1. What list of ³J(HN,Hα) values in whole Hz, one per residue of the range 141-151 in order, does the Karplus curve 6.51 cos²θ - 1.76 cosθ + 1.60 (θ = phi - 60°) give from phi, with Gly and Pro shown as x?
2. About its Cα centre, how strong a charge dipole does the range 1-174 have in debye, to the nearest 20, once Lys and Arg get +1 and Asp and Glu get -1 at the Cβ?
3. Among TYR346, TRP372, LEU64, whose Cα sits farthest toward the positive end of the charge dipole of the chain (+1 at Cβ of Lys/Arg, -1 at Cβ of Asp/Glu, about the Cα centre)?
4. Give me the net charge for the shell around PRO442: Cβ to Cβ below 14 angstrom, other residues only, Lys and Arg +1, Asp and Glu -1.
5. List, in order, the whole-Hz ³J(HN,Hα) value for each residue of the range 19-26 obtained from phi through the Karplus relation with A = 6.51, B = -1.76, C = 1.60 and θ = phi - 60°; use x for Gly and Pro.
6. Based on the alpha-carbon gyration tensor of the range 195-245 and its eigenvalue square roots a ≥ b ≥ c, which shape applies: rounded if a/c is under 1.5, prolate if not and a/b is larger than b/c, or oblate?
7. Excluding VAL419 itself, what net charge comes from residues whose Cβ is under 12 Å from its Cβ, given Lys and Arg +1 and Asp and Glu -1?
8. Counting alpha carbon pairs within less than 8 Å and at least 6 residues apart, what relative contact order, in whole percent, applies to the range 1-174?
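Any read-out appearing in this document is the output of simple, stated calculations on the displayed coordinates, not a laboratory observation. Just so it is clear, the model here is predicted, and its values are computed rather than measured. Note: ideal-geometry Cβ built from the backbone for every residue, glycine included; neighbour counts use all protein chains shown.
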Amino acid sequence: MILARLLTHEDFGLLGMVVVVTGFLTLFSDLGLSMATIQRDVITHAQISTLFWINVAVGATLALLVSALAPVLVVFYHEPRLFWMTIALATTFLIGSFGSQHSALLMRSMRFAARAKIEIAALVVSVVVGVSMAALGCAYWSLVGMTISGGLVGVAGLWLAVRWFPGLPRRGCGLRSMFHFGGTVTLNNLVVYIGYNAEKILLGRYCGADVLGLYGRGYSLVNLPTTQLHAAMFNVAFPALSRLQSDPPRLRNAFLKAYSMVLSMTIPATIACVLFAEEVVRIVLGPKWLGAIPIFRLLAPTVLVFGLINPFGWFLTAGGWVMRSLHIALVIAPSVVVGIALGLRYGPPNGVGVAMGYSTVMMLLAVPVIAWSKHGTGITWKGLWNAMRQPVLSGLVAAAVGLAFKVALGGKLRALACVALGLGVTFGVYAWMLLIVMGQKPIYTDLMRQVFERFRAKGEEAKSV
């Protein structure tokens, strides 16, 4: 919210031009080996140490590669300011490589509170650095400083929390199967990344930094709930599901419970984005970003789509069906690229057509992807509907009430009042439907009780130490 008012469309667009490349190469930063560490039933110190040094070597190589690509980006985008930005951001590969295995060990031991503290500390420091630099007039360099400082704090926090020190790398310690698993995961992530980021490459190349910055802010804002929710749920669900891979019935039941919970939080976020797009953009980004409103609204349905399909990626990877996940990605990516290209060529200008093409393709792919993902896993359509029924029906009622509120009062209230009252009414109706009418209150009450008991036990253990 602060940076959107201190910086320009162009500042964010310049970062977006570099991040498309650095984000792509980030997929190779640990070769999927951290995922292999989490998913594996048994792992030794020698294996983790060897993986650590492999990660560091890969990180150093990628840092040099990104630095070498700096002049290429300058020529491709016709933008000389990208040269030193790219070299500065290249350091994040080396920084991040020192924390890959520590992060995996933290997730493997399911120390979610420690991980959350590290992420919050990194976020706070990066925000302070970014806002301070922007206030001092550093323009796009404030975004670079924000990225690098967050990475440094995150790695330092991981080392302090895990207290594991690598030994020397060793040959013949049984890494072949882990490389196969990690390689498949990396290839899958690569394909998905290309599909979901093609629009940024095309907009940057053919429309310039200003349009890319506008689209990028709308895209980032609408994906904020999805990104935060799914990252948190993945950190919990993936290691838990991986422990159940040898017990298919328990794996299915655990997944369906997690799936229902993801949807119960995704659906109200989707409703909010669709109904209150204009107000959210005005409040969060400010008046100079009003061009992002149609982009934000058109992309809003993808919040629900990702809530429907992303958890199946966790399920397939945890259960060892990584090749199926890769095959699904190989269908999604080219379909999305075609939709984006058509939107860019024939749709409205300034990124609106791209948002339209992207969102349309994702909605069309939702049901086929779900059907393919669950095939042969023992998950039935009936079981899936039972997991979806309560949040979906609650969402339909809440959406109808929210729409009635927006039509009746939306034009008569200021943006902040409209969002506050509208979301209060909509979310209140949703919570009433889900917890009371649909009878889900005991489930969520028990969940909260377990969470509080866990934190209480942690606190007592810390006091005794």
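1. Result, rounded to whole Hz: 5, 5, 6, 5, x, 4, 5, 5, 5, x, x.
2. Numbers: 10 positive and 6 negative charges, 127 e Å.
The calculation lands at about 600 debye.
3. Towards the positive end, the residue furthest out is TRP372.
4. Counting the neighbours of PRO442, the net charge comes to +2.
5. After applying 6.51 cos²θ - 1.76 cosθ + 1.60, I find 5, 4, 7, 5, x, 4, 6, 4 Hz.
6. Note, shape of the range 195-245 comes out prolate.
7. +1
8. After rounding, I find 31 percent.
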